Amino acid sequence: MQHDALEVPAAARPFAPGLYAGQTAVITGGASGLGLELTRALAHLGATVLVPSRDAAKHAPLLEEAAARNWRVECAVLDVRDNHAVDRYAAAMLAAHGRIDLLVNNAAGNFVCPSERLSANAWRAVLGIALDGTFYCSKAFGRGMLAAQRGAILNIVATYAWTGMPGVAHSASAKAGVLALTKTMAAEWAGRGVRVNAIAPGPFHSKGAKQNLWPNEEVKARMEREIPMGRFGTAEEVAAHCLWLLSPYSGWVTGECFVVDGGGSLGKGMWLPGERLASVKET
Ligand code: COA
């Protein structure tokens with residue numbers, strides 16, 4: 001695939017060139033979807049980006065793009081559910097890079113399945129990746145950040161962490177746990193130079209989400225009708241807000257969860273904007 005070395009990744013455009021120069025970021029699952037847009041933007045803004053993820057097949061195209069664009073990106077195979085492997089990886093990366101400044105707990109698994117049919121194994125798989133993995137990585141990299149008295153962690157959650165949503169009991173429960181973890185670690189580490197925030201995207205275009213969450217156009221159209229802004233987001237739009245929360249511009253923000261969903265999680269009224277109601281007097 002051809003890469004234009006001069007093209008600025010969309011999520012990096014609002015930010016000053018070199019904003020993350022000299023910093024090292026870890027983005028779990030950073031070779032696809034939202035994680036990939038974050039990898040691209042942070043690398044373009046000067047960070048060294050370390051991408052641990054399960055599927056080595058996703059690493060090759062990212063490394064090829066990084067080489068073509070002079071980005072510093074390193075990939076490694078890691079399953080974040082394995083706490084010993086996470087500890088070994090964190091120790092190796094700290095030894096190699098001296099300091100980890102940013103961590104994005106982006107790795108997740110999801111599919112739609114009614115609660116009564118969800119197997120214990122399926123529940124464990126999703127909780128293991130999203131909740132256990134976030135804790136293991138935050139602890140392993142957070143210790144280094146606390147020692148350096150600087151760092152920022154960003155967790156990816158979803159608005160169904162507090163609304164619930166039919167079909168995703170596993171993911172909603174995991175994300176609710178991650179939200180609690182975000183606030184807890186933020187409170188514990190605020191005085192020690194480490195910020196911990198979360199972002200809650202609504203549905204945005206990505207291959208993984210399409211396969212797992214809206215397998216056909218009819219479902220997608222129904223979901224879009226539920227979003228007041230009338231469309232899904234893009235990974236680039238979500239990534240830009242992630243960068244904002246990781247950046248020094250958010251230096252006094254911790255324990256916060258920022259919703260990026262086109263208004264999708266706002267209350268649904270008894271009438272629709274634009275609809276005429278007989279009971280309403282014209283003024
Ligand atoms: N419906 C119901 N159960 C499902 C399922 C589905 N669509 N997909 C997986 N499972 C079940 C499996 O059947 C298995 O349970 P069982 O042993 O009782 O049969 C359990 O989940 C674990 O599946 P497995 O594929 O062995 O686990 P894994 O660790 O390799 O995969 C998942 C993890 C389940 C999260 C998988 O969906 C995944 O890797 N997804 C890709 C990444 C992703 O989802 N990204 C998020 C996009 S929004």
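The values are calculated or read from the model by the stated rules, or taken from the named source; none is laboratory data. For clarity, every value in this text was computed on a predicted model and none was experimentally measured. Quick reminder, even Gly has a Cβ in these numbers, built from the backbone with ideal geometry, and neighbours come from all protein chains shown. Surface areas here come from the heavy atoms of the whole protein model, side chains and all, with no ligands, DNA or RNA. Shrake-Rupley method; radii C 1.70, N 1.55, O 1.52, S 1.80 Å.
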- Convex hull over the alpha-carbon atoms of region 180-245: what's its volume per residue in Å³? 116 Å³
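What ranking, highest mean first, results for peptides 120-127, 204-211, 268-275 when packing means the other Cβ atoms within 10 Å averaged over each residue? All intermediate terms of the calculation are to be shown ahead of the outcome.
Details: 120-127: 14.2, 204-211: 16.0, 268-275: 7.8.
For the peptides 120-127, 204-211, 268-275, the packing ranking is 204-211, 120-127, 268-275.
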- To the nearest 10 Å², what's GLU217's accessible area with a 1.4 Å probe? 120 Å²
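Give me the accessible area per residue for the chain, probe 1.4 Å, as a whole number in Å². Before the final figure, lay out the partial values.
Details: 14400 Å² over 283 residues.
Here the residues of the chain average 51 Å² of exposed surface.
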- Task: Would you please report the Å³ per residue occupied by the convex hull of the alpha carbon atoms in region 96-171?
- Result: 93 Å³
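Where Rh is the Kirkwood radius over the Cα pairs of region 1-82, the temperature 20 °C and the viscosity 1.002 mPa s, what D in µm²/s does Stokes-Einstein return? Please list the in-between numbers first.
Working: Rh = 12.6 Å.
For these conditions, the coefficient is 170 µm²/s.
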- Task: With a point put 7 Å past each Cα toward its Cβ, work out how far ARG150 is from ASP4 in nm, to one decimal.
- Result: 3.4 nm
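Once R0 is set to 30 Å, what does the formula 1/(1 + (r/R0)^6) return for the Cβ-Cβ distance between LYS281 and TRP162, expressed as a FRET efficiency to the nearest 0.05? Provide the component values of the computation, followed by the final result.
On the way: r = 37 Å, r/R0 = 1.23.
Efficiency computed from Cβ-Cβ geometry: 0.25.
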- Pairwise centroid distance, computed over Cα atoms, of region 60-139 with region 234-283, Å: 28 Å
- Item | Gain on full stretching of the segment that runs from THR184 to ASN83 - 0.36 nm per residue minus C-alpha separation | 34.4 nm
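Just to check, using Stokes-Einstein with a Kirkwood Rh over alpha carbon pairs, what's the diffusion coefficient of region 158-283 at 37 °C and 0.692 mPa s in µm²/s? Walk me through the numbers before you get to the answer.
Details: Rh = 16.8 Å.
Reported coefficient: 196 µm²/s.
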- What are the extents of the Cα atoms of region 6-158 along their three principal axes, listed from largest to smallest and rounded to whole Å? 50, 35, 26
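Could you calculate the contour length gain from ASN216 to ASN70, that is, 0.36 nm times the residue separation minus the distance between their Cα atoms, to one decimal place in nm? Before the final figure, lay out each step's value.
On the way: separation 146, 0.36 × 146 = 52.56 nm, distance 3.79 nm.
Net length gain for the segment: 48.8 nm.
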- Message: Along its three principal axes, how long is the chain when you only count alpha carbons? Whole Å, largest extent first please.
- Response: 69, 46, 43
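What helices in the chain pass both tests, a Cα length along the helix axis of 18 Å or more and a mean Kyte hydropathy of -1.0 or higher, using whole DSSP H runs?
Numbers: long enough: 83-97 (21 Å, 0.10); 133-148 (23 Å, 0.42); 169-189 (29 Å, 0.36).
Qualifying helices: 83-97, 133-148, 169-189.
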